[in-house]
2 protein chains.
Amino acid sequence: MPSLGDVQPQSMHFAEPLGLASGAVLRDYTLAYETYGTLNAAKSNAVLVCHALNASHHVAGTYAGKEKSEGWWDNLVGPGKPLDTDRFFVIGVNNPGSCFGSTGPTHPNPDPAAQGRPYGSDFPVVTVEDWVDAQARLITALGIERLAAVIGGSLGGMQALDWSLRYPHRLVQCVAVATAPNLSAQNIAFNEVARRAIVTDPEFHGGHYAEHGVIPRRGLRVARMIGHITYLSDDAMEAKFGRDLANAAFGYSTQGIEFQIEGYLRHQGDKFSEYFDANTYLLITRALDYFDPARAHGGDLAATFAAARCRFQLVSFTTDWRFAPTRSREIVKALVDNRLDVSYAEIAAPHGHDAFLLDDPRYHGVLRACFANLAKELA
Amino acid sequence: MPSLGDVQPQSMHFAEPLGLASGAVLRDYTLAYETYGTLNAAKSNAVLVCHALNASHHVAGTYAGKEKSEGWWDNLVGPGKPLDTDRFFVIGVNNPGSCFGSTGPTHPNPDPAAQGRPYGSDFPVVTVEDWVDAQARLITALGIERLAAVIGGSLGGMQALDWSLRYPHRLVQCVAVATAPNLSAQNIAFNEVARRAIVTDPEFHGGHYAEHGVIPRRGLRVARMIGHITYLSDDAMEAKFGRDLANAAFGYSTQGIEFQIEGYLRHQGDKFSEYFDANTYLLITRALDYFDPARAHGGDLAATFAAARCRFQLVSFTTDWRFAPTRSREIVKALVDNRLDVSYAEIAAPHGHDAFLLDDPRYHGVLRACFANLAKELA
């Protein structure tokens, strides 16, 4: 399959303040984004891709001269791929609060009292709703009134769902993969432990670690290790690592690495702590916790989706215990109750939550068909 | 149901060195234990209770004048209870490496070079096999050749299983609840994250925090929070906490408590960090990781249990995702393959792994019947 080749990140500054769900205001902000393919004359073929926890606007293609710089959903987005850039104009956007380009905690706090220091933990709490509002402004600025589709997985799926509620007339198709109408108590619990690991790291310094020239690496490592366990299925971990030893025999040590799974997790934690910002981790896990569009409707998900007008494609994976198929079925039921046009695929895949990033042929087949149908309408 | 009332902890010193699986030697040690009921003249009615991660020899009864001092399995052990102390002489023993009385990391290191300082992280790594050997010596010292039963849940169940392999002629009945023939990769992964949280706490000081007058509380808190999530089922957590808010409205804070589940986990972490020793936590999770009696038999569990001679009662709980029913069924199959006498109960209970400590009537009914049958043989 041909790739997009080298792509260029772009950015757009918004001088108009963004009112947030918390009541706070982001007084001005920049969004990093990328586009792939060509916007047609009718401006009807744009697809917005929303990212999850550990991703960015760099959805597809590579950065010139940079090794391993492939976009996070490059297996899905490109010429001839399920989300075909020969037919669609695809937009990847980085959300405010991120550490990958859009205005976030590592950027200077415009408040004069901050004297040019980074926001750190003073960056306002952002929600899925805030992100969708910021994305909608970008779409408007790009001259697009109505998106052909909004697609996302996991936290990105929550943003896609929220588009259908917040801007019901501005998208034809919502594609929400491996997502949920809200986090369960167990989901929140895992997020909370990860946050505690970060904020109780002595190098967190109340979130102003940058001013101290340090990074709460220990906390970030533990947070990532916890996250990683929940992204994989028990079966996938068993198949990949099982009880394989790291060395020829046990070293009988409480601190050494005895099993390969331990080395793998430590490596994942180390890598993550090198590039991810701790305040961003707190913000993004909180956005996950807060997302619950049915709360304003007394918990009634069917009443919530009465506002929606677009078509829906939902996908879940059988071994995803973080956002289990039962959670997608709750959404499907609410959509069906509203007689909305919904297609749902429950994919038997062994990879747990991570499956949404992989190229399982049945999964990609579903998305290919979904976008092929959409492309026909544009023609 | 009448309780045992006040009980007295006892202890026994063993001057003979204990050779450990690691090759290290525990040169002398003390075991804390408790007994309930009366040993009969034939010394045939003794039942050994093995503890799991966060427990001790204090299985049943209360400590005089001490509030909330009920033993951890008091709902199971006592006069007229499923493990009936009117019929059985029940022994609770604390394992070496613990922080509740038996020789462990908080005790003075007898090595002259240590100059009377506590073992700390120099306490040798102990395994389930080592614990069973230490327990067997206690049983011998109490004048008991053959136990009526060995019972334990979770890590305690592993010890009960190991008795059947290591001392096949010294028990009539093995009762192994909510346990597994070894930890899965996911189980090990959770243990490893908890250990990393502890050893990367700056106040861990390589395991010699006592000499610095500090405790790695941050790490212990995070470790306990992770553990707690895995002890409860997703459903139980959902039923108990769901998305209930801690306050009337969101505070929009990454560090505050927004959901009740967060406050609950923090409270559990705080409590645990007040009384549990960090080195003990490392040792006990490692003992869990190492347990794998089939390893010496090329992974063949049936070949492993060819050594066993006793009867078996296994119990698992449907919502236990830490030690799922499938793991108990592996053991049952290996026992059946050896034509051993095995009874297995899979209890539909909502409480996850914690169910083994609760008094679900079907669960306790199974154990009551098991011990009643055993008592008949003694008569």
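The values are calculated or read from the model by the stated rules, or taken from the named source; none is laboratory data. This structure is a prediction, so every number in the text was calculated from the model and none was measured. Note that each Cβ is placed from the backbone with ideal geometry, even for glycine, and that neighbours are counted across all protein chains shown. Each accessible area value is taken on the protein alone, full model and side chains, heavy atoms only, with ligands, DNA and RNA left out. Shrake-Rupley method; radii C 1.70, N 1.55, O 1.52, S 1.80 Å.
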Chain A: relative contact order as a whole-number percent, Cα under 8 Å and 6+ apart: 17
Inter-copy distances for residue B:238, nm, shortest first, label points 7 Å along Cα→Cβ, are 2.2
Expressed in nm to one decimal, what extension gain is obtained for the pair residue A:111 and residue A:70 from 0.36 nm per residue of sequence separation less their Cα-Cα distance? 11.1 nm
In the neighborhood of residue B:314, defined by Cβ-to-Cβ distances under 15 Å, what is the net charge if each Lys or Arg adds +1 and each Asp or Glu adds -1? -1
With labels modelled as points extended 7 Å from the Cα through the Cβ direction, what inter-label distance (nm, one decimal) is found for residue A:146 paired with residue A:249? 7.3
Specify the inter-centroid distance of region B:143-161 and region A:139-160, based on alpha-carbon positions, in whole Å. 59
Would you mind working out the magnitude of the charge dipole of the protein assembly as shown relative to its Cα centre, with +1 at each Lys and Arg C-beta and -1 at each Asp and Glu C-beta, to the nearest 20 Debye? 700
Could you give the length gained by full extension between residue B:39 and residue B:373, i.e. 0.36 nm per residue of separation minus their alpha carbon distance, to one decimal place? 118.4 nm
Would you tell me the mean number of C-beta atoms belonging to other protein chains that fall within 10 Å of each C-beta in B:83-91, as a whole number? 0
Under the Karplus curve 6.51 cos²θ - 1.76 cosθ + 1.60, θ = phi - 60°, whole-Hz ³J(HN,Hα) for region A:282-292, x wherever Gly or Pro sits: 5, 4, 6, 5, 5, 4, 4, 4, 6, 4, 5
Amide H neighbours of residue B:30 at under 5 Å, excluding residues fewer than 5 places away on the same chain, with H built from the backbone geometry, are B:14, B:103
What does the average come to when, for each residue of peptide A:197-206, you count the partner chain Cβ atoms lying within 10 Å of its Cβ? 4
Could you please state how large a percent of the accessible area of region A:170-317 is carbon and sulfur, counting protein chains only and using a 1.4 Å probe? 49
Peptide A:217-229, shielding by other chains (average Cβ, 10 Å cutoff): 5
Could you report the accessible area of residue A:370 in Å², rounded to 10, computed with a 1.4 Å probe on the protein chains as they sit in the structure? 10
Relative contact order (%) - region B:244-379, alpha-carbon pairs under 8 angstrom, separation at least six: 17
Run the 1.4 Å probe and let me know the accessible area of residue A:309, rounded to the nearest 10 Å². 140
How many angstrom lie between the C-alpha centres of region A:327-346 and region A:246-286? 38
I need the calculated FRET efficiency for the pair residue B:169 and residue B:8, taking r as the beta carbon distance and R₀ as 22 Å, to the nearest 0.05. 0.10
For the charge dipole of region B:126-180, defined by +1 on Lys and Arg C-beta atoms and -1 on Asp and Glu C-beta atoms about the Cα centroid, which residue among B:151, B:128, B:178 has the Cα displaced farthest towards the positive pole? B:151
Residues with amide H under 5 Å of residue B:347's amide H, sequence separation 5 or more or different chain, H placed in the peptide plane at 1.01 Å from N; which? B:316, B:317, B:318
Segments A:155-165, B:254-264, A:92-102 sorted - mean Cβ within 10 Å per residue, highest first: A:155-165, A:92-102, B:254-264
Put +1 on the Cβ of each Lys and Arg and -1 on the Cβ of each Asp and Glu in the protein assembly as shown; which of B:326, A:352, B:100 then has its Cα farthest toward the positive end of the dipole? B:326
With a point put 7 Å past each Cα toward its Cβ, work out how far residue B:303 is from residue B:212 in nm, to one decimal. 4.7
Cα centre as origin, Lys/Arg/Asp/Glu Cβ charges: region B:26-155 dipole, Debye: 160
If we hang a label 7 Å off Cα along the beta carbon direction at residue A:22, how far is it from the matching labels on the other copies, in nm, shortest first? 4.6
Check: region A:230-379 dipole with +1 on Lys, Arg Cβ and -1 on Asp, Glu Cβ, in debye: 580
With a ≥ b ≥ c from the Cα gyration tensor eigenvalues, square-rooted, and the rule rounded for a/c under 1.5, otherwise prolate when a/b > b/c and oblate otherwise, region A:172-243 is oblate
Rolling a 1.4 Å sphere over the protein heavy atoms, what is the accessible area per residue of region B:229-379, to the nearest Å²? 41
Mean separation of Cα contacts under 8 Å (at least 6 apart) over the residue count of region A:240-294, i.e. the relative contact order in percent, is 25
List, shortest first and in nm to one decimal, how far the label point of residue A:362 (7 Å from Cα along Cα→Cβ) is from its counterparts in the other copies. 3.1
Per residue of region B:168-173, what does 6.51 cos²θ - 1.76 cosθ + 1.60 with θ = phi - 60° give for ³J(HN,Hα)? Whole Hz please, x for Gly and Pro, Karplus curve as stated. x, 9, 9, 8, 8, 9
Per-residue HN-Hα couplings for region B:266-271 [Karplus 6.51, -1.76, 1.60; θ = phi - 60°; Hz; x = Gly/Pro]: 4, 4, 4, x, 4, 4
Please name whichever of B:44, B:279, A:373 sits farthest to the positive end of the charge dipole of the protein assembly as shown, dipole taken about the Cα centre and charges placed at Cβ: Lys and Arg +1, Asp and Glu -1. A:373
